[in-house]
Amino acid sequence: MNETLDEQSRRALVSYRIERSDETIIEAKLLAGDGHYNAAMNRLYYACFYAALALLVANGIATSSHAGVKTMLSLHFVSKDLLGKEHGKTFSRLFEIRHSGDYDDFVYCDKEMTDEYTPKAEAFISQIKELLKQDNC
């Protein structure tokens, strides 16, 4: 899909994904504040996922799955030190937590986990926004 976007559409989609990322991080904080830690961790993952999608779209990299986003992010940005390894680890761990929460039984996230990953997710998103600024997106 990304290959068929004209420049205006690509910029609009990047902007939309970043907006979704920003909204979703707020949702995560609200959920955590109400003690809904599993849902908060899910939203932290999606906040990062939307930011990652924005970066991939901005660079014309197409994906069709969550695993594809993780792979392309690692291949094109983490391995080239454009996105720090700590950010790659954060995204991978949030991916695992989200997947486990969606498909496994007896998964329980807690306050400590959300307290640990909220600033990591915010740093991940912030770094992606910096990369997008460098690309003039």
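The values are calculated or read from the model by the stated rules, or taken from the named source; none is laboratory data. Keep in mind that this is a model prediction, so the values were computed, not measured. Using ideal geometry, Cβ is built from the backbone for each residue, glycine included, and neighbour counts are taken over all protein chains shown. Just the protein is used for accessible areas: all its heavy atoms, side chains included, with ligands, DNA and RNA removed. Shrake-Rupley method; radii C 1.70, N 1.55, O 1.52, S 1.80 Å.
Structure notes:
- Flag for G60 being among the small types (G, A, S), surrounded by 13 or more Cβ atoms within 10 Å (Cβ to Cβ) and modelled with pLDDT under 95: no
- Applying the set (1) in contact with an Asp or Glu (Cβ under 9 Å, 6 or more places away or on another chain); (2) surrounded by fewer than 19 Cβ atoms within 10 Å (Cβ to Cβ) to L55 leaves exactly one unmet item: (2).
- Set side by side, the residues L30, L75 differ, and just one is of a type in the set (A, V, I, L, M, F, W, C) and over 27 Å from Y108 (Cα atoms), which is L75.
- Every residue from the stretch 36-48 that is touching a residue at least 12 places away in the same chain (Cβ under 8 Å) and open to solvent by 20 Å² or more (accessible area, probe 1.4 Å): Y37, N38, N42, R43, Y46
- Residues in the stretch 84-110 that are of a type outside the set (G, A, S), in contact (Cβ under 8 Å) with a residue 40 or more places away in the chain and either touching a Ser or Thr at 6+ places or on another chain (Cβ under 7 Å) or open to solvent by less than 90 Å² (accessible area, probe 1.4 Å) (or both): H87, T90, F91, L94, F95, I97, R98, D102, V107, C109, D110.
- Answer residue from the stretch 66-83, given it is of a type in the set (A, V, I, L, M) and touching a Ser or Thr at 6+ places or on another chain (Cβ under 7 Å) and is farthest from H99 (Cα to Cα) among those: M72
- Of all residues in the stretch 68-83 being of a type outside the set (S, T, Y) and free of Cβ contacts under 8 Å to residues at least 12 places away in the same chain, the one that is farthest from I128 (Cα to Cα): G68
- On inspection, I125 passes the criterion of being assigned to a helix (DSSP H, G or I), open to solvent by less than 50 Å² (accessible area, probe 1.4 Å) and touching an Asp or Glu at 6+ places or on another chain (Cβ under 9 Å).
- Scan of the stretch 26-35 for residues that are in a helix (DSSP H, G or I) and either free of Cβ contacts under 8 Å to residues at least 40 places away in the same chain or surrounded by fewer than 22 Cβ atoms within 10 Å (Cβ to Cβ) (or both), ordered by number: I26, E27, K29, L30, L31, G33
- Candidates S21, S9, S15 - the one that is under 12 Å from L132 (Cβ atoms), open to solvent by less than 60 Å² (accessible area, probe 1.4 Å) and either hydrophobic (A, V, I, L, M, F, W, C) or assigned to a helix (DSSP H, G or I) (or both): S21
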